[in-house]
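Chemist: Handing you this structure, nothing more for now.
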Amino acid sequence: MALLDWITGPRLPKPLPKGAIDRPSHYPDWKALIEASQLWPLRRPGHRGRVMFEATMAAALSLSDAEVEIMLCDGILTGCLKAELVGGVKPETLVDRKMPETLCPSCLNDGRAMFEPLGLKVRYLSEFVTDRDRKAAARIAAEAPAAGMADFEYDGLKVGEQARAGALRYYTRGDLDGEPQGETVLRRYLEAAILSAIAYRRLFDEQHYDVALFHHGLYVPQGVVGEVCREKGVHVVNWFVAYREGCFILSHDDTYHHTLMDEPTEAWETITFGDIQRGEIETYLRSRWQGSRDWIGFHEKPSEDARAWLAGLGVDPEKPLIGLLTNVVWDAQLHYPANAFDSLIDWVIETIDAFAKRPDLQLVIRVHPAEIRGTAPSRQPMAEAVAERRPSLPANVFIIGPADDVSTYAVMEHCDSVLIYGTKTGVELTAMGIPVVVAGEAWIKGKGLTLDASSRAEYAEILASLPLKRRLDAATVERAKKYAYHFFFRRMMPLKVMRRDASNLFFRPAIASMDDLARGADAGLDRICDGVLDAAPFIYPAEDLGL
């Protein structure tokens, strides 16, 4: 069996030279580990979080008798995941096809430093793209109709939607309105998507691969690679960092953002769920108020005195209060399909207008803290988007901003019910017994736990039924806790060989010897390898193995 494993980098005018490697001190010394190992089959010398996870998986899969190959980008793309406006990459560098010289060399060095010492076969993207291809990709992207660029297909591949995702992520906005160079930047991402399609098609025509393991499954080039894999019959495994510390989440065929929405309830309905499991999930969910057991969080020590916060906003304690939780605007546009509403902002505005006609109710909008504290802070703040369309809020509508250091959970406890679009928080709120209304696409939707709106009219009917004046019944809360247990403890795979890192990497391998990667040393790693090699479900049976 062969496996494709890869990272990405943006483009310089020519492919980067492959000279000496500078191994960062926090990278595993694969050469020393391999030389000391009696297990490693190749005893010869040889985004950092992404390459560290993937190199660790490459080593573990090789020890499981997989034939692993690596694909590295060596600077041929005109736009990619690593390019971020908030990270200092100016639009002009994309427009002029001149990525900063400090970006591509360090990205390539990181990949080579992690992968080449393993002694595995390493391929480079530039091997599969010619100058003629580059000119053709540039011409096609330049001629694509502006109005339908997001729907553009290249030889049957939906590269336009991945290009749009890449451009929106670059700008960290839900649209490109008002960005003077937005259309040209989008064309550069389309050009990069076409180049990615050409390169990976040629790779798969040359070499058969059973599985391709790569990060995320969206954007450029990851989303395009997934499209080519599915076209060529190569099984896709996508991975991402999970919320819970020491854990990762993997999915077959597509990004977990999509697959979790369609996961059959049979995957968790019949699991063992007794007093031990119930206590574990209740303790963990309570820890999320402060984030003490997570390595993805957006507050350090948020205030839990929600009553004081609400009083400060002017909320009347005698009137029913409904909560509304937003997503990050650009994130919601990329990860989750629109359903009843065209966009997250449209949903928020329509909800505000509905509450303007309901003076008997109050609405508190909690803007997602990740707008300012996430890895890619939003350049389209929800409060500003609302103010542009509704300069004056109704007297019964209140906003808690992303910087307001108050616990979302504590605030929602004071609400009759909570309205969500695509946020994961619905999983937690239902387990707390709080009724949740889903207006977009969310992982909690369709689980028999929430009020789900499939149209604007259905959503209006649900709003008309508020307040509910009740908490979820005991049987529903039990079901919600069981799903939360599945979501946080079974779908999030724990790895002993990864530990928290104090730097902005936030995790790194913790490998004392190659024995740590051998079968039987790490139950979570064994499960991941089984998923990659045998297409087994990416589920860690915490109810049997423990946390």
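Chemist: Being modelled with pLDDT of 95 or more, closer than 24 Å to residue 280 by Cα and either in contact with a strand residue (DSSP E or B) (Cβ under 7 Å, 6 or more places away or on another chain) or assigned by TED's automatic domain parsing to the domain that holds residue 414 (or both) is the requirement here; does residue 469 meet it? I'd like the intermediate steps shown before the answer.
Modeler: Numbers: modelled with pLDDT of 95 or more: yes; closer than 24 Å to residue 280 by Cα: no; either in contact with a strand residue (DSSP E or B) (Cβ under 7 Å, 6 or more places away or on another chain) or assigned by TED's automatic domain parsing to the domain that holds residue 414 (or both): yes.
Spelling it out, it is not the case that residue 469 is modelled with pLDDT of 95 or more, closer than 24 Å to residue 280 by Cα and either in contact with a strand residue (DSSP E or B) (Cβ under 7 Å, 6 or more places away or on another chain) or assigned by TED's automatic domain parsing to the domain that holds residue 414 (or both).
Chemist: On the basis of being modelled with pLDDT under 95, surrounded by fewer than 22 Cβ atoms within 10 Å (Cβ to Cβ) and not hydrophobic (A, V, I, L, M, F, W, C), does residue 353 make the cut? Show your work before the answer.
Modeler: Values: modelled with pLDDT under 95: no; surrounded by fewer than 22 Cβ atoms within 10 Å (Cβ to Cβ): yes; not hydrophobic (A, V, I, L, M, F, W, C): yes.
Taking the combined requirement at face value, the residue does not satisfy it.
Chemist: Follow-up question, since we're still on this one. Within the range 401-419, how many residues are closer than 14 Å to residue 305 by Cα and under 25 Å from the mean Cα position of the chain (by Cα)?
Modeler: Of the residues in the range 401-419, 7 are closer than 14 Å to residue 305 by Cα and under 25 Å from the mean Cα position of the chain (by Cα).
Chemist: Follow-up question, since we're still on this one. Working carefully through the options 283, 259, 255, find the one that is surrounded by fewer than 16 Cβ atoms within 10 Å (Cβ to Cβ) and not assigned by TED's automatic domain parsing to the domain that holds residue 227. Spell out the reasoning first.
Modeler: Details: 259 fails: surrounded by fewer than 16 Cβ atoms within 10 Å (Cβ to Cβ); 255 fails: surrounded by fewer than 16 Cβ atoms within 10 Å (Cβ to Cβ).
Among 283, 259, 255, only 283 is surrounded by fewer than 16 Cβ atoms within 10 Å (Cβ to Cβ) and not assigned by TED's automatic domain parsing to the domain that holds residue 227.
Chemist: Could you check the range 218-245 and list, in sequence order, the residues that are modelled with pLDDT under 95, surrounded by fewer than 21 Cβ atoms within 10 Å (Cβ to Cβ) and not in a strand (DSSP E or B)?
Modeler: 243, 245
Chemist: Identify the single condition in (1) at pLDDT 95 or above; (2) surrounded by 23 or more Cβ atoms within 10 Å (Cβ to Cβ); (3) touching an Asp or Glu at 6+ places or on another chain (Cβ under 8 Å) that residue 215 does not satisfy, given that it satisfies every other one.
Modeler: So the condition that residue 215 fails would be (1).
Chemist: Go through (1) surrounded by fewer than 22 Cβ atoms within 10 Å (Cβ to Cβ); (2) within 22 Å of residue 488 (Cα to Cα) and name the single condition residue 443 misses.
Modeler: For residue 443, the exception is condition (1).
Chemist: In addition: Only one of (1) at negative phi; (2) exposed (fewer than 14 other Cβ atoms within 10 Å of the Cβ) fails for residue 314. Which number is that?
Modeler: For residue 314, the exception is condition (1).
Chemist: From 388, 350, 428, 371, grab the single residue that is out of contact with any Leu (no Cβ under 7 Å at 6 or more places or on another chain), among the charged types (D, E, K, R) and under 27 Å from residue 291 (Cβ atoms).
Modeler: Values: 388 fails: under 27 Å from residue 291 (Cβ atoms); 350 fails: under 27 Å from residue 291 (Cβ atoms); 428 fails: out of contact with any Leu (no Cβ under 7 Å at 6 or more places or on another chain).
Going through 388, 350, 428, 371 in turn, the sole match is 371.
Chemist: Please indicate, with yes or no, whether at least one residue in the range 174-182 is crowded, with 22+ Cβ neighbours inside 10 Å, touching an Asp or Glu at 6+ places or on another chain (Cβ under 8 Å) and modelled with pLDDT of 95 or more.
Modeler: Start the filter on the range 174-182 by keeping residues that are crowded, with 22+ Cβ neighbours inside 10 Å, which leaves 174.
Among the residues that remain, those that are also touching an Asp or Glu at 6+ places or on another chain (Cβ under 8 Å) are: none.
Among the residues of the range 174-182, not one is crowded, with 22+ Cβ neighbours inside 10 Å, touching an Asp or Glu at 6+ places or on another chain (Cβ under 8 Å) and modelled with pLDDT of 95 or more, which makes the answer no.
Chemist: Take the residues of the range 518-547 that are outside any helix (DSSP H, G or I) and among the charged types (D, E, K, R): which is surrounded by the fewest Cβ atoms within 10 Å (Cβ to Cβ)? Full working, then the answer.
Modeler: First pass over the range 518-547, keeping only residues outside any helix (DSSP H, G or I): 518-522, 535-541, 546-547.
Those still in the list that are among the charged types (D, E, K, R) too: 519, 522.
Details: 519: 14, 522: 19.
Only one residue fits best here, namely 519.
Chemist: Looking at (1) over 25 Å from residue 258 (Cβ atoms); (2) of a type outside the set (D, E, K, R); (3) in contact with a Lys or Arg (Cβ under 6 Å, 6 or more places away or on another chain), which one does residue 475 not meet, given that it meets all the others?
Modeler: Every condition holds for residue 475 apart from (3).
Chemist: Taking the range 406-424, which residues are assigned to a helix (DSSP H, G or I) and out of contact with any His (no Cβ under 9 Å at 6 or more places or on another chain)?
Modeler: 409, 410, 411, 412
Chemist: For the range 356-381, give me each residue that is outside any loop (DSSP other than H, G, I, E, B), of a type in the set (A, V, I, L, M, F, W, C) and at pLDDT 95 or above. Let's see the steps before the verdict.
Modeler: Step one: list which residues in the range 356-381 are outside any loop (DSSP other than H, G, I, E, B), which gives 356, 362-366, 370-373.
Those still in the list that are of a type in the set (A, V, I, L, M, F, W, C) too: 356, 363-365, 370, 372.
Of everything in the range 356-381, those that are outside any loop (DSSP other than H, G, I, E, B), of a type in the set (A, V, I, L, M, F, W, C) and at pLDDT 95 or above turn out to be 356, 363, 364, 365.
Chemist: How many residues, within the range 448-486, are surrounded by fewer than 22 Cβ atoms within 10 Å (Cβ to Cβ) and either β-branched (Val, Ile, Thr) or in a loop (DSSP other than H, G, I, E, B) (or both)?
Modeler: 14
Chemist: Quick one: which residue in 338, 403, 332 is part of a helix (DSSP H, G or I), touching a helix residue (DSSP H, G or I) at 6+ places or on another chain (Cβ under 9 Å) and modelled with pLDDT under 95?
Modeler: Details: 338 fails: part of a helix (DSSP H, G or I); 403 fails: part of a helix (DSSP H, G or I).
Going through 338, 403, 332 in turn, just one is part of a helix (DSSP H, G or I), touching a helix residue (DSSP H, G or I) at 6+ places or on another chain (Cβ under 9 Å) and modelled with pLDDT under 95: 332.
Chemist: So how many residues does the range 382-413 have that are surrounded by fewer than 17 Cβ atoms within 10 Å (Cβ to Cβ) and in contact with a Gly (Cβ under 8 Å, 6 or more places away or on another chain)?
Modeler: 1
Chemist: If a residue must be under 17 Å from residue 222 (Cβ atoms) and outside any helix (DSSP H, G or I), how many such residues does the range 130-173 contain?
Modeler: The number of residues fulfilling the criteria is 3.
Chemist: In addition: Do you know which residues across the range 400-419 are touching a Ser or Thr at 6+ places or on another chain (Cβ under 9 Å) and among the polar types (S, T, N, Q)?
Modeler: If the condition is that a residue be touching a Ser or Thr at 6+ places or on another chain (Cβ under 9 Å) and among the polar types (S, T, N, Q), then 407, 408 are the ones that fit.
Chemist: Right, another one. If you check residue 201 against the conditions, is it modelled with pLDDT of 95 or more, of a type outside the set (A, V, I, L, M) and under 16 Å from residue 128 (Cβ atoms)? Full working, then the answer.
Modeler: Numbers: modelled with pLDDT of 95 or more: yes; of a type outside the set (A, V, I, L, M): yes; under 16 Å from residue 128 (Cβ atoms): yes.
Considered against the rule, which asks whether it is modelled with pLDDT of 95 or more, of a type outside the set (A, V, I, L, M) and under 16 Å from residue 128 (Cβ atoms), residue 201 comes out as yes.
The values are calculated or read from the model by the stated rules, or taken from the named source; none is laboratory data. Computed from a predicted structure; not experimentally measured. Glycine also receives a Cβ, built like all others from the backbone with ideal geometry; neighbour counts cover every protein chain displayed.
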